[in-house]
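The values are calculated or read from the model by the stated rules, or taken from the named source; none is laboratory data. Computed from a predicted model, the values in this text were never measured in an experiment. Here the Cβ is made from the backbone with ideal geometry for all residues, glycine too, and neighbour counts use every protein chain on show.
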Amino acid sequence: MPEGLHFPSFPSLELSHLITPTIFSQDTYFVYILQIPLLQPTVYQLYKLQPFPIRQQENVFVYIATKKDFIFTDAMRHKYGKMTYQELQACFTPDALSYVCKENVPILTYIPNED
């Protein structure tokens, strides 16, 4: 198994949602391939972005709309990413408070003093 990755430790029912089976026949045999994703042990906190108007001057307010609906970050706040509601909906939810997502959302590294 590649270093830094772990086999999912979910109960059988939840694990069955992550497995992608491929079945085909080869000569006189049926071939079954089970694709089971390996997980990174990093846990991220998910935050809903909620833009709101900010007073800039007397009777002048500024509202900045966001392109993404959520931001997530690791515990040390070194790694982060942004995602839309649709990208979050594509994730697997083993329980009410957890999401397991494929690597289709870039995970960036925060470097202080860089934009």
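Of these, PHE52, PHE61, which one is part of a strand (DSSP E or B), over 30 Å from GLU14 (Cα atoms) and of a type outside the set (S, T, N, Q)? Give the steps one after another, and end with the answer.
Details: PHE52 fails: part of a strand (DSSP E or B).
The conditions single out PHE61.
Under 7 Å between Cβ atoms, at least 6 apart or on separate chains: pull out the pairs that start in region 91-114 with a residue that is outside the structural domain of PHE10 (by TED's automatic domain parsing) and closer than 14 Å to ILE71 by Cβ and end on any residue that is of a type in the set (Gly, Ala, Ser) and modelled with pLDDT of 85 or more. So the pair list comes out as VAL105/GLY81; PRO106/GLY81; ILE107/GLY81; LEU108/GLY81. The set of residues from region 77-115 being surrounded by 11 or more Cβ atoms within 10 Å (Cβ to Cβ), among the hydrophobic types (A, V, I, L, M, F, W, C) and over 16 Å from LEU49 (Cβ atoms) comprises ALA90, CYS91, PHE92, VAL100, CYS101, ILE107. Just one of (1) under 17 Å from GLU103 (Cα atoms); (2) touching an Asp or Glu at 6+ places or on another chain (Cβ under 9 Å); (3) loosely packed, with under 11 Cβ neighbours inside 10 Å fails for LYS48. It is (1). Of everything listed in (1) in a strand (DSSP E or B); (2) loosely packed, with under 10 Cβ neighbours inside 10 Å; (3) basic (Lys, Arg), the single unmet condition for LYS67 is (1). Residues that are within 21 Å of PHE10 (Cα to Cα) and either outside any loop (DSSP other than H, G, I, E, B) or touching a Phe, Trp or Tyr at 6+ places or on another chain (Cβ under 9 Å) (or both) within region 75-101 comprise LEU88, GLN89, CYS91, PHE92, THR93, PRO94, ASP95, SER98, TYR99, VAL100, CYS101, listed in sequence order. Hey, does region 51-70 have a residue that's assigned by TED's automatic domain parsing to the domain that holds ASP95, under 19 Å from the mean Cα position of the chain (by Cα), in contact (Cβ under 8 Å) with a residue 24 or more places away in the chain and on the phi < 0 side of the Ramachandran plot? Yes: region 51-70 contains one or more residues that are assigned by TED's automatic domain parsing to the domain that holds ASP95, under 19 Å from the mean Cα position of the chain (by Cα), in contact (Cβ under 8 Å) with a residue 24 or more places away in the chain and on the phi < 0 side of the Ramachandran plot.
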